[in-house]
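Peer 1: The structure that follows is given in the form of structure tokens.
The values are calculated or read from the model by the stated rules, or taken from the named source; none is laboratory data. Just so it is clear, the model here is predicted, and its values are computed rather than measured. So basically every Cβ, Gly included, is an ideal-geometry build from the backbone, and we count neighbours across all protein chains shown. Only protein heavy atoms, including side chains, enter the accessible area calculation; ligands, DNA and RNA are left aside. Shrake-Rupley method; radii C 1.70, N 1.55, O 1.52, S 1.80 Å.
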Amino acid sequence: MRAHTIKISFVALLCLTLAGCLSFGPLKYRQVKMLKKEGFVLTDEGWSLGLPERLLFDFNKADIKPEHQNEIIRLANQLNKYDLHKLKIVGHTDDIGSPEYNQKLSEERAQSVSTIFINQAFKPNNLTVIGRGSSQPFVPNTSDENRANNRRVTIIIIP
């Protein structure tokens, strides 16, 4: 009977060990679980979180509204807690303005978010800041509401 109990204990321990090592690509199960809870989705670029509904920029502005800064700080702390330190931060604009102007504005928006992450102990060399201008709208730029949704930043996890 004792040998049987030891075998069952060994198998249970082996299962727990393997479950702890379970990963999704380069990410661990617990990291993926947290990312899903935070609203990240797996895209062609990786685990991605669009912040259109939580991080709207005012028209022609790159500064983050004060009411959204705490949410970004909370997200940065979560990512730090789960050892997800390498990020791509991508800024976007609506279609009003020249492509050159929108490119610059989208880079400034991404940099604004990046600054908050840096202030939360992220290393600048682990953050890639990209502006995409108005080239990748979240929704068609057919109304003021849609244009507001396109003024956004996307955060992508780099494994």
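Peer 1: Taking all protein chains as present, what is the carbon and sulfur share of the accessible area of segment 53-146, in % to the nearest whole number, probe 1.4 Å?
Peer 2: Numbers: 2580 of 5130 Å².
Roughly 50 percent, rounded to a whole number.
Peer 1: What is segment 18-159's relative contact order, in percent, from Cα pairs under 8 angstrom and six or more apart in sequence?
Peer 2: Working: 252 pairs, mean separation 45.9, N = 142.
This gives 32 percent for segment 18-159.
Peer 1: Separate question: Label Lys86 and Asp44 with points 7 Å out from Cα along Cα→Cβ: what is the distance between them in nm?
Peer 2: A separation of 2.2 nm, rounded to one decimal place.
Peer 1: OK, next. For Lys28, list the lysines whose Cα falls under 18 Å from its own Cα; do not include residues on the same chain fewer than 8 positions away.
Peer 2: Those lysines meeting the cut-off are Lys36, Lys37, Lys81, Lys86.
Peer 1: Within segment 19-159, what percent of beta bridges assigned by DSSP are antiparallel, to the nearest 5?
Peer 2: Values: 13 of 18 bridges.
Taking every DSSP beta bridge within segment 19-159, about 70 percent pair in antiparallel fashion.
Peer 1: Over segment 76-159, what is the mean sequence separation of C-alpha contacts under 8 Å (at least six apart), divided by residue count, expressed as relative contact order in percent?
Peer 2: On the way: 158 pairs, mean separation 36.8, N = 84.
Reported relative contact order: 44 percent.
Peer 1: Within the set of other residues whose C-beta is less than 14 Å from the C-beta of Thr142, count the net charge using Lys and Arg as +1 and Asp and Glu as -1.
Peer 2: Working: positive: Arg147; negative: Asp94, Asp95, Asp144, Glu145.
Within the 14 Å Cβ shell, the charges total -3.
Peer 1: Indicate the gyration tensor shape class of segment 65-137 (rounded, prolate or oblate), computed on the Cα atoms with a ≥ b ≥ c the square roots of the eigenvalues: a/c under 1.5 is rounded; otherwise a/b larger than b/c is prolate and the rest oblate. Mind dumping the intermediate values first?
Peer 2: Numbers: a/c = 2.68, a/b = 1.92, b/c = 1.39.
The shape class here is prolate.
Peer 1: Return the aspartates and glutamates within reach of Lys33: Cα separation strictly under 17 angstrom, same-chain partners fewer than 8 residues apart disregarded; answer none if there are no such residues.
Peer 2: Asp83
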